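Notes follow the structure.
The values are calculated or read from the model by the stated rules, or taken from the named source; none is laboratory data. These numbers were taken from a predicted model, which means no experiment stands behind them. Counting neighbours? That spans all protein chains shown, and the Cβs are built from the backbone with ideal geometry, glycine included. Please note that ligands, DNA and RNA were not included when accessible areas were found on the heavy atoms of the full protein model with its side chains. Shrake-Rupley method; radii C 1.70, N 1.55, O 1.52, S 1.80 Å.
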Amino acid sequence: MKIVSVETFLVAPRWLFCRIGTDEGLAGWGEPVVEGRAEVVRAAVDVLAEYLLGEDPLRIEQHWQVLTKGGFYRGGPVLSSAVAGIDQALWDIAGQAYDAPVHALLGGAVRDRVRVYAWVGGDSAGEITDAVTAHVEAGMTAVKMNASGVLSPVPTRAELAGVVSRVTAAREALGDSLDVAVDLHGRATFPAARMILPALADLHPLLVEEPLLPEHSDRLAELVACSAVPVATGERLYGRADFLPALRAGVSVVQPDLSHAGGISEVRRIASLAESHGALFAPHCPLGPISLAASLQTALATPNFLIQEQSMGIHYNVGADLLDYLADPEPLRIIDGHIGRLSGPGLGITVDEAAVRRADRAGHAWRNPVWRHADGSFAEW
């Protein structure tokens with residue numbers, strides 16, 4: 001079997017899909033994208049495709065090694081995301097060739113279903129209460145929320161109280177048996193994060209995500225030491241070497257993204273590295289159905305898995321949602337806060353190719369907003 005085509009598709013609301021075709025009729029799908037830079041990753045996939053054409057798609061590890069290392073300059077979000085989508089598609093082909101789901105090729109499932117959480121927005125405590133209540137009534141057992149909007153370098157007393165009041169609203173709607181995760185989104189400076197984590201401790205968050213920007217990871221150990229709240233990070237880390245300092249600093253949860261951190265091949269290794277440090281695995285995934293399917297396949301085969309992000313109904317998904325590009329949405333249906341074990345071959349989903357090609361004709365040019373502080377200076381989004 002040989003690879004005969006590598007195609008990419010700009011798919012609303014902000015995704016990039018990749019289809020790898022073979023001379024035996026099998027085709028695999030992946031999701032290589034950097035949100036807000038999809039066109040750049042598309043160009044990177046086109047360059048990497050020069051190597052792939054004519055190659056055996058089942059030599060996944062060999063291709064991963066060449067694509068990540070063969071260009072001399074390595075790493076970074078664009079290259080690692082391009083490789084990630086290609087890697088997903090190759091695993092999809094392998095599963096179809098062997099008539100098995102990817103998790104079976106990774107050693108078999110260690111769980112029967114995957115716990116997921118829902119995102120909740122809202123700038124006020126009342127909006128948080130309403131959104132969380134709706135998710136609980138729908139059967140969700142966990143939600144994630146932003147801690148704040150624009151955050152001052154050293155939060156005022158009012159800003160800190162606002163963070164606590166919003167998380168308190170979620171906790172009260174959830175009760176003591178369900179979970180809330182809190183995302184700082186890299187908006188906090190070190191002094192801000194050191195104020196926020198202890199203030200949230202009594203609300204018992206499942207985790208606090210990205211309390212510091214990745215370039216400040218040398219201070220993670222100090223932050224971990226200041227509070228018992230589980231610290232999570234990793235959506236902007238792209239390989240095992242990036243995660244090692246965070247794990248040595250004592251983070252509780254790693255959050256590699258299957259569309260950014262080298263795909264199934266590398267994220268599987270990141271999860272094993274985390275396990276050896278006593279850390280848990282919670283894949284980042286505010287993206288589309290292919291990225292979610294790849295995440296689920298990895299979670300099903302990973303012993304130290306904690307919980308899975310998914311983007312159904314998230315505020316980014318304007319004009320198209322997660323299930324809109326699937327021929328059959330049932331494999332990704334959420335029941336009682338979980339997605340069941342995927343049983344179909346490959347990634348376990350069937351992409352609606354016609355819908356994807358129609359979407360690509362319209363394309364998209366999604367960009368994240370640029371935020372500013374009151375004095376006009378740049379603020380982290």
Return the pair list, or none, for Cβ contacts closer than 6 Å from residues in the stretch 111-140 that are farther than 18 Å from Leu292 by Cβ to residues that are open to solvent by less than 60 Å² (accessible area, probe 1.4 Å) and among the hydroxyl-bearing types (Ser, Thr, Tyr), at least 6 apart or on different chains.
Ala125/Ser165
Given (1) assigned to a helix (DSSP H, G or I); (2) without any contact (Cβ under 8 Å) to a residue 24 or more places away in the chain; (3) charged (D, E, K, R), index of the condition Glu39 fails
(2)
So in the stretch 193-237, with the set limited to residues that are basic (Lys, Arg) and in a helix (DSSP H, G or I), which one is surrounded by the fewest Cβ atoms within 10 Å (Cβ to Cβ)?
Arg219
Residues of the stretch 308-336 satisfying the condition of being over 20 Å from Val356 (Cα atoms) and out of contact with any helix residue (DSSP H, G or I) (no Cβ under 9 Å at 6 or more places or on another chain)
His315, Ile334, Ile335, Asp336
Condition first: in contact with a strand residue (DSSP E or B) (Cβ under 8 Å, 6 or more places away or on another chain), part of a loop (DSSP other than H, G, I, E, B), open to solvent by 10 Å² or more (accessible area, probe 1.4 Å) and closer than 20 Å to Ala89 by Cβ. Now tell me which residues in the stretch 311-342 satisfy that.
Ala327
Scanning the stretch 266-318 for residues that are of a type in the set (Phe, Trp, Tyr) and at pLDDT 95 or above, which turns out farthest from Leu67 (Cα to Cα)?
Phe305
Test of understanding: among Val110, Val163, Val182, which residue is under 24 Å from the mean Cα position of the chain (by Cα) and assigned to a helix (DSSP H, G or I)?
Val163
Within the stretch 43-60, can you find the residues that are open to solvent by less than 60 Å² (accessible area, probe 1.4 Å), of a type outside the set (Gly, Ala, Ser) and farther than 15 Å from Ile93 by Cβ?
Val45, Leu48
Out of the residues in the stretch 203-225 that are among the charged types (D, E, K, R) and either in contact with a Phe, Trp or Tyr (Cβ under 7 Å, 6 or more places away or on another chain) or in contact (Cβ under 8 Å) with a residue 12 or more places away in the chain (or both), which is farthest from Glu172 (Cα to Cα)?
Asp218
Which members of the stretch 243-286 meet the condition of being assigned to a helix (DSSP H, G or I) and farther than 24 Å from Leu90 by Cα?
Phe243, Leu244, Pro245, Ala246, Leu247, Arg248, Ala274, Glu275, Ser276
Could you grab the pairs with beta carbons closer than 6 Å, sequence gap of 6+ or different chains, first residue in the stretch 330-351 and touching a residue at least 40 places away in the same chain (Cβ under 8 Å) and within 13 Å of Val114 (Cβ to Cβ), second one surrounded by fewer than 21 Cβ atoms within 10 Å (Cβ to Cβ) and polar (S, T, N, Q)?
Gly337/Thr141
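Could you pull out the residue among Val47, Val78 that is under 17 Å from the mean Cα position of the chain (by Cα), more than 27 Å from Leu332 (Cα to Cα) and part of a helix (DSSP H, G or I)? Walk me through it before giving the result.
On the way: Val47 fails: under 17 Å from the mean Cα position of the chain (by Cα).
Just a single option satisfies the conditions, and that option is Val78.
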Is at least one residue of the stretch 68-80 modelled with pLDDT under 95, open to solvent by 20 Å² or more (accessible area, probe 1.4 Å) and among the aromatic types (Phe, Trp, Tyr)?
yes
